[in-house]
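Encoded as structure tokens, the structure appears first; notes follow it.
The values are calculated or read from the model by the stated rules, or taken from the named source; none is laboratory data. Note that the structure is a prediction, hence the values are computed from the model and not measured. Using ideal geometry, Cβ is built from the backbone for each residue, glycine included, and neighbour counts are taken over all protein chains shown. Surface accessibility is based on the protein's heavy atoms, side chains included, excluding ligands, DNA and RNA. Shrake-Rupley method; radii C 1.70, N 1.55, O 1.52, S 1.80 Å.
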Amino acid sequence: NNNNAVDIIASGSMDQTLVSHIHHRGKDHNDNNSLALHAVYSGGHNASINSVVIASVNGCTTLVSGDWDGGLCVWKVPSNNSLSSDESNVAPKRKKQKGSSSAAAAVGQVSEISPTSFFRAHKSNISGIVWGHETDTNNNSNGQSSSSTLFTASWDHSIKAWDVESQNEILALNGSKVITSLGRCHNSNVVATGHPDCTVRLWDMRSSSNSNSGSGNVFDGTLRPSHKSWISAVEWSPNDPFVLASSSHDGSVKVWDIRSSLPLHTVRAHEKGQKSLCLGFANRTIFSGGTDCIVKKFRF
């Protein structure tokens, strides 16, 4: 929420906990109090949480999380002003959870949120979740969405499109490789996926509306393998629909123009022997976080 200078940040963990924090960016908040626990989400997952995504859908802030067993949970995120216990999916529990992490142990100060729905979306780990182009509020002039299309990718080699409200599968595209990461172009439903075979592949999620056929289109211009290890993340440029970045367990970050099969730029983001685990893309700036416990910033 840029008007109030407040961000809601959601994070999931291998200990099956899911929490959201409020980040205040206003001048009235000092550094010590700018990040506060917002809500704890429980009662949904029975496996490690590997992917989360958040957006405003039909006027409500909606959080979706995926786990290692292929389970998908949908949550209604409470207002950042307060946690109203009279909302249907808010359970005002105050007891600390046994075996919980330090973040989840703070449940004594905030309410627990129960999922609005849970369903088995894949047969294995959900490695990536993105909202469809029509659902992305960054592309909507009124800041809200009337659509609820969600794309999920999994280690079961498939990418699926879902109607979150009805839980109906709209489209399923099946590949031949495990999918380790997922990113969507900012102005279309073209997505990129990363794989353990060091390859970035491009998919057109607009190509079919038949949910039973499993048909779809993988672009012929799949990017030539350039990384030397498992691809950990792919992120599209927020401005250029032809540019994306990828990170890998080989410690490198590459920038691609999808009109070419070779990378435009390659940089060793982390020292030899260290892995690049996650990626952020903002304008012409790329951030990479690695096993060396360092976040690197690059401009190109």
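Number of residues in the stretch 165-196 that are among the polar types (S, T, N, Q) and assigned to a strand (DSSP E or B): the value is 4.
Here D67 fulfils each of the conditions (1) at pLDDT 95 or above; (2) touching a Pro at 6+ places or on another chain (Cβ under 9 Å) apart from (2).
Look at I49 and say whether it is more than 27 Å from N189 (Cβ to Cβ), surrounded by 15 or more Cβ atoms within 10 Å (Cβ to Cβ) and at pLDDT 90 or above. Step through it out loud before you land on a result.
Details: more than 27 Å from N189 (Cβ to Cβ): no; surrounded by 15 or more Cβ atoms within 10 Å (Cβ to Cβ): yes; at pLDDT 90 or above: yes.
Judged against the criteria, I49 is not a match.
In the set K27, K96, K76, K123, only one residue is surrounded by fewer than 18 Cβ atoms within 10 Å (Cβ to Cβ), of a type outside the set (G, A, S) and modelled with pLDDT of 85 or more; that residue is K123.
Return yes or no: is S246 under 19 Å from G175 (Cβ atoms), under 19 Å from the mean Cα position of the chain (by Cα) and not charged (D, E, K, R)?
Spelling it out, S246 is indeed under 19 Å from G175 (Cβ atoms), under 19 Å from the mean Cα position of the chain (by Cα) and not charged (D, E, K, R).
For the stretch 180-205, filtered to residues that are hydrophobic (A, V, I, L, M, F, W, C) and more than 14 Å from the chain's Cα centre (by Cα), the residue that is farthest from G66 (Cα to Cα) is C198. The sole residue among W155, W162 that is modelled with pLDDT of 90 or more, surrounded by fewer than 22 Cβ atoms within 10 Å (Cβ to Cβ) and within 17 Å of the chain's Cα centre (by Cα) is W155.
Does G183 satisfy being within 17 Å of S127 (Cβ to Cβ), touching an Asp or Glu at 6+ places or on another chain (Cβ under 7 Å) and either open to solvent by less than 10 Å² (accessible area, probe 1.4 Å) or at pLDDT 95 or above (or both)? Against the criterion (within 17 Å of S127 (Cβ to Cβ), touching an Asp or Glu at 6+ places or on another chain (Cβ under 7 Å) and either open to solvent by less than 10 Å² (accessible area, probe 1.4 Å) or at pLDDT 95 or above (or both)), G183 qualifies. Among the residues of the stretch 232-282, the ones that are open to solvent by 20 Å² or more (accessible area, probe 1.4 Å) and assigned to a loop (DSSP other than H, G, I, E, B) come to 17 in all. Looking at the stretch 1-24, which of the residues that are hydrophobic (A, V, I, L, M, F, W, C) and open to solvent by less than 50 Å² (accessible area, probe 1.4 Å) is modelled with the lowest pLDDT? Checked the stretch 1-24; the qualifying residue modelled with the lowest pLDDT is A5.
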